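Worksheet for the structure shown next.
Readers should treat all values here as calculations from the given coordinates under stated rules, not as data from a laboratory. Predicted, not measured: the structure shown is a model, and the values here were computed from it. Reconstructed Cβ throughout: ideal geometry from the backbone, glycine too, with neighbour counts over all protein chains shown.
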Amino acid sequence: MSKQILILGAGYGGILTALTARQHLSASEAGITLVNRFPTHQIITELHRLAGGTVAEGAVALPLNKLLRDKNVNVVVDTVKEIKPDEKVVVMESGQVQRYHALVVALGSETNYFGIPGLEENSLVLKSVADANRIRAHVEAKLDAYKASGNKADATIVVGGGGLTGVELVGEFADKLPEVCRSKGIDFADVSLYCVEAGPAVLPIFPKNLIERAVESLEKRGVTFITGVAITEATKNTVSLKDGNTIEASTIIWTGGVKGNPVVGSSGLAEDRGRATVTPTLQSTSHPDVFLAGDCAVVFPEGGERPYPPTAQLAWQMGETVGYNVSVLFKGGVMDKFNPVFSGTLGSLGRKDAVGTIGGNNTQLKGLPATLMKEASNIRYLSHINGLFTLVH
């Protein structure tokens, strides 16, 4: 009987694991089963565009059965309930049990609300296509309510968190909502867009001059930034801030933090604050037949004190390393140590503006060049996973 590889999660890490493992292992050498709670591979770095209404769902949700066409990968649409690494089994919400010889956990992270009262109950998040669709529908419904009642809270949007996701989302709103408001007979000047960041600045991963450039661009289009002030409480229609101020808003979107996946944290795999610890070859430090890819693992550079950040490009490279190393586990050879290459970071500021750093020397980009580079980066990824073929077929 051939070996069985079980991959949990079809995000960047999971999909690249499946594709890479199949490059090195024939179907007769290993069966590959990919479990995902959605029937699609979702381009998480583009969800802000779907939430803002500037792209269609098909541009960010690629059907797994098309993406893995002719790859001899068995796709199971189900939700992981429990991982039992000592028994080499994974239990699904449906009750189905999957057995494996090698397990790849690529389940991503979950939203961290940091115990802020009312935040989880009264905010929206942006971690899936369903979330993006929910945000877009909610915003439009609140604008309709504003037109009917004139309640200012219905025309106020607060995005909590000034990292890439939060800033890219307000950028989409700044570009798209004027058009939406015109279609509804609402003056866009009546809409208030806030981005609240507890830290001293938004987009802290960028140099100071690019941060200033991003803020200036978005402020000109109606975004108000509040930095150095944490959200302390949220209700259905209000956001309370640490400085004592309150914003009346019926739309609160939280992008301010992530934490380890609880399924991973309770699995019995060695972990650090809910994220699995790994060896340099991305194997679990407690179970060498279990590999980790993406945000559910905490990965330190060799000799480094701080872990790598949870990013899409890191998950992509982890998936490729894991896919190769799983093949070595079965066929013999020397596993690769994970040694990522950072190609830069790009952040969109709406449809026609962006900032970014690229290359080993962190060349700075802004405006149209940064926008084009971000588009090219997305096309490069889609091409790499055969996603362009999937989009047009």
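A Gaussian network model of the chain, with springs between Cα atoms under 10 Å, assigns the largest mean-square fluctuation among 64, 126, 177 to 177. Taking a straight line from the alpha carbon of residue 147, these lysines sit under 23 Å away, with near neighbours fewer than eight places off in the same chain left out: 176, 184, 236. Here segment 1-82 has an Rg and Dmax of 14.0, 49 Å, counting Cα atoms alone. Listed values for segment 116-122 are Karplus-derived 3J(HN,Hα) couplings in whole Hz (6.51 cos²θ - 1.76 cosθ + 1.60, θ = phi - 60°), namely 6, x, x, 5, 4, 6, 10, and x replaces Gly and Pro. Here the 3J(HN,Hα) profile of segment 99-114, calculated from phi with Karplus coefficients 6.51, -1.76 and 1.60 at θ = phi - 60°, is 9, 8, 9, 9, 10, 10, 9, 9, 8, x, 10, 10, 5, 9, 9, 6 Hz, Gly and Pro shown as x. If you take the Cα centroid of segment 253-320 and the Cα centroid of segment 213-234, the two points sit 31 Å apart. The GNM of the chain, with springs linking C-alpha atoms under 10 angstrom apart, assigns the highest mean-square fluctuation among 30, 293, 145 to 145.
The mean of 1/r over all distinct Cα pairs in segment 219-289, once inverted, gives the Kirkwood hydrodynamic radius of 15.8 Å.
Using the Cα centre of the chain as the reference point, and only Cβ charges (+1 on K/R, -1 on D/E), how large is the resulting charge dipole? Debye, rounded to the nearest 20.
On the way: 37 positive and 39 negative charges, 146 e Å.
Result for the chain is approximately 700 debye, rounded to the nearest 20.
Residue-normalised convex hull volume from the C-alpha trace of segment 252-393: 178 Å³ per residue.
Computed on the Cα atoms alone, the convex hull of segment 276-358 gives a volume of 113 cubic angstrom per residue. Taking other Cβ atoms within 10 Å as a rough exposure proxy, 316, 254 sort from fewest to most as 316, 254. Ordering 44, 211, 255 by Cα displacement along the dipole of the chain toward the positive end leaves 44 in first place; charges were set at the Cβ atoms of Lys, Arg (+1) and Asp, Glu (-1). Protection proxy ranking, highest mean first, for peptides 239-247, 13-21: 13-21, 239-247, where packing is the per-residue count of other beta-carbon atoms within 10 Å, averaged. Enumerate the residues in segment 157-198 having an amide nitrogen under 15 Å from the point lying 7 Å beyond the Cα of residue 151 toward its Cβ. Backbone N within reach: 157. Close amide H partners of residue 159, meaning residues 5 or more places away or on another chain with modelled amide H under 5 Å apart, are 194, 195, 196, 253.
Which part of segment 241-255 falls in the paramagnetic zone of residue 235, meaning amide N under 18 Å from the point 7 Å along Cα-to-beta-carbon? Under cut-off, by backbone N: 241-253.
Computed from Cα atoms alone, the Kirkwood hydrodynamic radius reported for segment 119-257 is 15.1 Å. Its DSSP H runs of at least 4 residues, each contributing -39,500 (n - 2.57), put the calculated 222 nm mean residue ellipticity of the chain at -10000 deg cm²/dmol, to the nearest 500. For the chain, the direction-averaged projected area of the alpha-carbon convex hull comes to 20.0 nm². Of the complete DSSP H runs in the chain, those spanning 20 angstrom or more by Cα along the long axis with a mean Kyte-Doolittle score not below -1.0 are 129-149, 164-184, 312-331, 368-384.
In segment 10-122, what percentage of the DSSP-assigned beta bridges are antiparallel, given to the nearest 5? Can you show the working numbers first?
Working: 10 of 15 bridges.
Of the beta bridges lying entirely in segment 10-122, close to 65 percent run antiparallel.
With both residues required to sit in the chain, DSSP beta bridges show an antiparallel share near 45%. Applying 1/(1 + (r/R0)^6) with R0 = 30 Å to the Cβ-Cβ distance of residue 81 and residue 300 gives a FRET efficiency near 0.50. Among 295, 187, 144, the ranking by other beta carbons within 10 Å of each residue's beta carbon, starting with the fewest, stands as 187, 144, 295.
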